[in-house]
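J.: Here it is, the structure, as structure tokens.
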Amino acid sequence: MPAMGSMSYRIAIVYHSAGGNTKALAEAIASQLPEAEIYRMSEFDLRTLPDYDALIVGTYTWGNGELPAKSAALYEELEQLPIASLKTGVFGTGETNYNHFCGAVDHFRDMLFAKSQLLVTLKIEQMYQDSDLSRLQKFASFFQG
Ligand SMILES: Cc1cc2nc3c(=O)[nH]c(=O)nc-3n(C[C@H](O)[C@H](O)[C@H](O)COP(=O)(O)O)c2cc1C
């Protein structure tokens, strides 16, 4: 039992970005969710995951619709954890001229759908634009209240 801990709804946004597109999207999502804590994948300590009600994962796509190595490592660790009651979402950036647009989002989606309470996914073409704002707000709304 937690002692006098905070009773608030805790959200972690954990992202991996090489060139900055996914980082910018993560920050834009965070700006819609003022209480959310935002981490690079390499700085998030999975041992703190039980402290959170919701986990939002962000990744770009590499190879042929694949997860970049850091994202694959998180995927493999998450898969082993007891996350059945954790609310989750996944977002990513990619490029529609690849065969499998945002394939990494689809990989996380399938695993998180099976293992956790997956609420929503979001795929954005490279750097998000003002015209993506309504989709971004819709995504964030699944984690509000
Ligand atoms: C070698 C390479 C392979 C890629 N493969 C895919 C892919 O299969 N599907 C896709 O949607 N995007 C693919 N991309 C595009 C990146 O996912 C996209 O540029 C993304 O926005 C990069 O995010 P970042 O700026 O956060 O690193 C690839 C990019 C590179 C350089």
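The values are calculated or read from the model by the stated rules, or taken from the named source; none is laboratory data. Predicted, not measured: the structure shown is a model, and the values here were computed from it. With ideal geometry, Cβ positions are generated from the backbone for all residues, glycine too; neighbour counts draw on all protein chains shown. Areas reflect the complete protein model, heavy atoms only, side chains present, ligands, DNA and RNA absent. Shrake-Rupley method; radii C 1.70, N 1.55, O 1.52, S 1.80 Å.
J.: How much length is gained if the chain between Y39 and Y98 is pulled fully straight, taking 0.36 nm per residue apart and subtracting their Cα-Cα distance, in nm to one decimal? Each step should come with its number before you reach the end.
T.: Working: separation 59, 0.36 × 59 = 21.24 nm, distance 2.75 nm.
My answer for the length gained is 18.5 nm.
J.: Arrange the peptides 53-62, 77-86 so that the one whose residues have, on average, the most other Cβ atoms within 10 Å appears first. Walk me through the numbers on the way to the answer.
T.: Values: 53-62: 24.2, 77-86: 13.3.
In descending order of packing, they fall as 53-62, 77-86.
J.: Take S85 and E27, extend 7 Å from each Cα along the Cα→Cβ direction, and tell me the distance between the two endpoints in nm.
T.: Roughly 3.6 nm, to one decimal.
J.: Something else: Rg and Dmax in Å for the chain, alpha carbons only: what are they?
T.: 14.4, 51
J.: Further, regarding this structure: For the range 11-138, give the magnitude of the charge dipole about the Cα centre (Cβ charges: +1 Lys/Arg, -1 Asp/Glu; no others), in debye to the nearest 20.
T.: Details: 10 positive and 17 negative charges, 33 e Å.
With Lys and Arg at +1 and Asp and Glu at -1, about 160 debye.
J.: How high is the FRET efficiency between R47 and Q144 when r is their beta carbon distance and R₀ equals 41 Å, given to the nearest 0.05? Mind showing how you got there, number by number?
T.: Details: r = 27 Å, r/R0 = 0.65.
Step by step, r from the Cβ atoms, then E = 0.95.
J.: Which value, in Å², gives the accessible area per residue of the range 1-136 when a 1.4 Å probe is used on the protein heavy atoms? Intermediate results must be reported in sequence, preceding the final value.
T.: Numbers: 7440 Å² over 136 residues.
For the range 1-136, the per-residue accessible area is 55 Å².
J.: Just order 12-24, 106-118 by mean Cβ neighbour count inside 10 Å, highest at the front, would you?
T.: Numbers: 12-24: 19.8, 106-118: 17.9.
Order by mean packing, descending: 12-24, 106-118.
J.: How many percent of the accessible area of the range 11-138 is carbon or sulfur, using a 1.4 Å probe? Working shown, then result.
T.: Values: 3030 of 6510 Å².
Reported share for carbon and sulfur atoms: 47 percent.
J.: Next question. For the range 11-138, with the dipole built from +1 on Lys and Arg beta-carbon atoms and -1 on Asp and Glu ones, taken about the Cα centre, which of A72, C102, P82 lies farthest toward the positive end?
T.: In the range 11-138, that residue is C102.
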